[in-house]
Amino acid sequence: QVLPCISEKESKFISQQKVFFVATAPLSPNYRVNVSPKSPGTSVVILNPHEAAYADLTGSGSETCSHVMENGRMTLLFCNLEDGPPKILRLHGYAKVIVRRYVEEDLMKKFPKEIVQSPGFRCVYIMRVERVSSSCGYSLPVMSFDRYRQTLNEYFDKKGYDGAKQYQIEKNSFSIDGMRSLSHMNVDAISERILSVPKDGYYVGEVVNRNSSCAERLLSSVKLYLIFSFSAFSINYAVIEKVVLVFVGILIGSYFFPRVECLEDCQELH
C-alpha cells in the first residue's frame with residue numbers, strides 16, 4: 001500500500017523497532033549496492049510528514065555516506081520482528097549527510113542523548129521522503145528482544161573523540177569501491193588531504209599535509225631510492241641481496257611519494 005505521507009501511526013511504528021535497514025547504491029553499474037543494519041528505531045526522528053532523519057554511529061565502513069555524497073538516493077526499511085501485527089514499512093527518497101561538527105544544536109536535541117553524546121557519533125542523515133509504502137511481512141519470523149549490545153559504545157568511550165576521528169580517517173574515508181566518503185568532510189581541506197591506500201580488500205585513509213609540494217615528495221622518494229641502491233652496490237653483498245635492497249628502496253620510495261596523481265595535486269594547490 002502506498003501511503004500519502006509519514007503519519008503519526010508510521011512514526012510510532014518506526015520508533016518501536018529495535019533494528020532498521022538502510023539501502024544505497026552508487027551510480028556506476030560496476031560498483032556495489034549496499035545495505036546496512038542500524039539500531040535502534042529511536043535514532044530515527046520524523047521531522048515532518050515528508051522528511052526523516054537518523055543519527056549514525058561510527059562503523060568499520062562508510063558505504064552509505066559515500067553513496068549519499070554522490071547521488072543522495074536512499075531507502076529506509078522497518079519491519080516488525082516481534083509479537084504484534086506483521087508489517088514492513090519503506091521510505092524512499094533522497095538524503096544529505098551532515099557530519100557531527102556541523103549538526104545544529106536544535107537538530108541534535110531531537111535524538112537520544114546516548115547516541116549523540118557518544119564519541120562514536122559521526123553524522124546525521126536527513127532524508128526527503130518521496131514515497132512511503134507498507135506491505136504485509138507475513139513470512140517474517142517472530143522473535144523476542146533480549147538486549148542491545150554495548151560493545152561499540154564501550155569501544156569508542158575508550159578511544160575518545162580524537163581516537164574516533166583517527167579511526168574514521170582510516171576506516172571511513174573511502175567506500176569499498178574507492179569512492180570518497182565521510183572523513184573528507186571532516187579534514188581541513190586547505191592543509192590536509194586524505195589518500196586511499198589499498199589494504200585487505202578495502203581502501204583505508206591516510207592524511208597527507210598539502211603544504212609539502214609534489215617536488216618535495218618526489219625528492220624524498222628519490223633520496224630513499226638512492227640510499228638503498230648505494231648501500232646495495234657499495235657493500236659486498238651477493239647479487240640477489242643487491243637486487244632485494246634495490247627493490248626495497250623502490251617500495252619505500254613509492255610509499256613516501258603518495259599513490260595519487262601528482263599533477264592533479266599541484267593544480268589544486270595552485
* Among the numbered conditions (1) touching a residue at least 60 places away in the same chain (Cβ under 8 Å); (2) under 29 Å from Cys136 (Cβ atoms), tell me where Ser28 comes up short. => (2)
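Let me confirm something: among Ser139, Ser135, which residue is at pLDDT 95 or above and under 29 Å from Pro49 (Cβ atoms)? Step through it out loud before you land on a result.
Working: Ser139 fails: under 29 Å from Pro49 (Cβ atoms).
Result of the check over Ser139, Ser135: Ser135.
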* Asked: Any idea how many residues of region 35-62 are without any contact (Cβ under 8 Å) to a residue 60 or more places away in the chain, buried (at least 19 other Cβ atoms within 10 Å of the Cβ) and either among the charged types (D, E, K, R) or farther than 18 Å from Met108 by Cβ (or both)?
  -> 1
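Keeping to region 8-34, report how many residues are open to solvent by less than 40 Å² (accessible area, probe 1.4 Å) and assigned to a loop (DSSP other than H, G, I, E, B). Spell out how you get there, then give the answer.
Taking region 8-34 and keeping what is open to solvent by less than 40 Å² (accessible area, probe 1.4 Å), we get 10-11, 13-14, 17, 20, 22-26, 28, 34.
Then keep just the ones that are assigned to a loop (DSSP other than H, G, I, E, B); that gives 17, 25-26, 28.
Looking only at that region, the number is 4.
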* Asked: Can you list the helices (runs of 4 or more DSSP H) found entirely within region 100-191 that contain at least 2 residues being in contact with a Phe, Trp or Tyr (Cβ under 9 Å, 6 or more places away or on another chain) and open to solvent by 20 Å² or more (accessible area, probe 1.4 Å)?
  -> 151-171
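For (1) in contact with a helix residue (DSSP H, G or I) (Cβ under 8 Å, 6 or more places away or on another chain); (2) closer than 27 Å to Tyr161 by Cβ; (3) of a type in the set (A, V, I, L, M, F, W, C), each residue gets a yes or a no:
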residue: Tyr31; (1), (2), (3): no, no, no
residue: Asn34; (1), (2), (3): yes, yes, no
residue: Gly41; (1), (2), (3): yes, yes, no
residue: Val45; (1), (2), (3): no, yes, yes
residue: Asn48; (1), (2), (3): no, no, no
residue: Ser62; (1), (2), (3): yes, yes, no
residue: Arg73; (1), (2), (3): yes, no, no
residue: Cys79; (1), (2), (3): no, no, yes
residue: Ile88; (1), (2), (3): no, no, yes
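The values are calculated or read from the model by the stated rules, or taken from the named source; none is laboratory data. Remember, it's a predicted structure, so these values are computed and weren't measured experimentally. Here the Cβ is made from the backbone with ideal geometry for all residues, glycine too, and neighbour counts use every protein chain on show. For accessibility, only protein heavy atoms count, side chains too; no ligands or nucleic acids. Shrake-Rupley method; radii C 1.70, N 1.55, O 1.52, S 1.80 Å.
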